[in-house]
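First up is the structure itself, then whatever we jot down about it.
The values are calculated or read from the model by the stated rules, or taken from the named source; none is laboratory data. Remember, it's a predicted structure, so these values are computed and weren't measured experimentally. Counting neighbours? That spans all protein chains shown, and the Cβs are built from the backbone with ideal geometry, glycine included. Ligands, DNA and RNA are stripped out before the accessible areas are found, and what is left, the full protein with its side chains, is counted by its heavy atoms. Shrake-Rupley method; radii C 1.70, N 1.55, O 1.52, S 1.80 Å.
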Amino acid sequence: MARAAATEPLTARSRRALHRVRVGLRKSAVDYFRGDGSDWIAPTVLLLCVPLIAATTVHVPTWCPPSALVLPVLAGGLVLRPASLFLLYTCSATALVVESAVLGPWDSGPGRVTPGSILVTAAVGLAGLLIAQFRSRVGVPWMRGHTMLFDLRERIRVQSELPPLPEGWHAEIALRPAGGQSFSGDFVVATRSAGGRYLEAVLTDVSGKGMDAGSRALLLSGAFGGLLGSLPPHDFLPAANGYLLRQDWAEGFATSVHLVLDLHTGEYELLSAGHLPAMHLVSGAGRWDLKEAEGPLLGVYDGAKFEGVRGRLRSGDVLMLYTDGLVETSDRDISEGIDRLTGEADRFIVAGFRGAAWRLIDAVAKDVNDDRALLLICRD
C-alpha cells in the first residue's frame, strides 16, 4: 500500500506531462499548417530526411530507390521559402552524388542512380521552385493560403445572411456559384435600419461568373455592406454607382436591386440598376405581379438616376428577387424563364415557402453553368 501511494503521484505527474507534450505538439502542428508556426521546423525536418533516405538507399536500394529523394524535394516545394528550398536542393544533389559513388555505375545492376532518377528529381525540384516563387510573390504561406480562402468564403456567407425578422415575416436566400465553385459573382447584403423598422436588402449580379467575378464581388460586397443603412435609401445606388466607376475596371459593370421594406406596414420600395424585375405574389388574387423599377447599370456612367417602384406585402404575399442565372439560358428567353420560375414557385404555395429557395433553384436552374441567387420574402 505504501509503495502504491508513493508511485501514484509519479504516475499522475507522468500522465500530466505526457498530456502537455501531446497537446503542445498538436497545437504546434495546427499553428504551423495555418501559417503561424516557426519557419525552422519544416526545413529542419526535410533536411534530416535527405541523409536518412540516402542511407536507406545505400543499404536497401531495392526497397528505397534513389528516386525516393523526390519525396522531400516535393514537400519542400510546397512548404518552404525559395532560400530554404535551395539549401534542400543542394543537400539532395549531394545525396545523389554520394549514392552514385557508393552504389557504383548505373549500368552495373539494379538499384543504382540512373539518369532517369536524376531527371525526375530535377524536374520535381524545378516545379517546386516555380511554386515556391509564385507563393513568395503572392506573399501568402502555402499553409495559410487555404485558411485565408476558407475565411473569405465564410465571411461572404455570414455577410449574405439576412438579419432576424419580427414575427410574421420569413425570408431566405439561396446562392449557387457557377460550376460548383466557392465564390460567386452574385451576392446579397442586408441590414435593418431606422431602429429595426426597415429591412434593406441589396441583390447584386457582377459581370462575369464564378471565380472570374468572385474577386470583384468580394470587394463590392464589403463596400455595399458599408454603404447600406448608412445612407438614405435613395442615395445608396448613386453612391454604389460612383464607387464602381472609381474602380475603373475593364469589365466593371453590375446590376443591382435595392429593397426597402417597412416591417410594420408591409409597404416596400424597389430601386433597380439594370436588374431584372422582381415578382410579387398577390395571394388574394393568386397571381404574380411584375415589379420593374427603372435605372441604368452600375458602373456605366456618372450621374445616373434610379426611379423606384412601390408595393405592399399583405398576409400571404411573397416577394421574389433573383438574378439572370435562374431565368436566362442560351436557348430560352428571359420572359419564358420568368414564367417557368413563377410556375415552379406556385407549387410551394400550398406547403409554404419555408426552405423553398434552394428547391426553386434546383427546379429551374440546377444544371445552369452560371451564378444563381434567389431572395424570398414572405409575410405569413
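E161 contributes about 90 Å² of solvent-accessible surface, heavy atoms of the protein only, 1.4 Å probe. Taking the accessible area of the stretch 260-380, probe 1.4 Å, and keeping the other protein chains in place, the carbon and sulfur fraction comes to 45%. Legend: residues H59, H280, H170, sorted from most to least accessible area (1.4 Å probe; ligands, DNA and RNA excluded), read H59, H170, H280. Counted by Cβ distance under 9 Å from V309, the other residues give a net charge of -2, where Lys and Arg count +1 and Asp and Glu count -1. Working note: Karplus 6.51/-1.76/1.60 with θ = phi - 60° gives the stretch 232-237 the couplings x, x, 6, 9, 5, 4 Hz, where Gly and Pro are set to x. Based on Cα contacts under 8 Å between residues 6+ apart, the stretch 202-304 shows a relative contact order of 28 percent. Solvent exposure of the stretch 271-380, expressed per residue, is 48 Å² of accessible area, with all protein chains present and a 1.4 angstrom probe. Accessible area ranking (1.4 Å probe, heavy atoms, ligands and nucleic acids excluded), largest first, for W358, W169: W358, W169.
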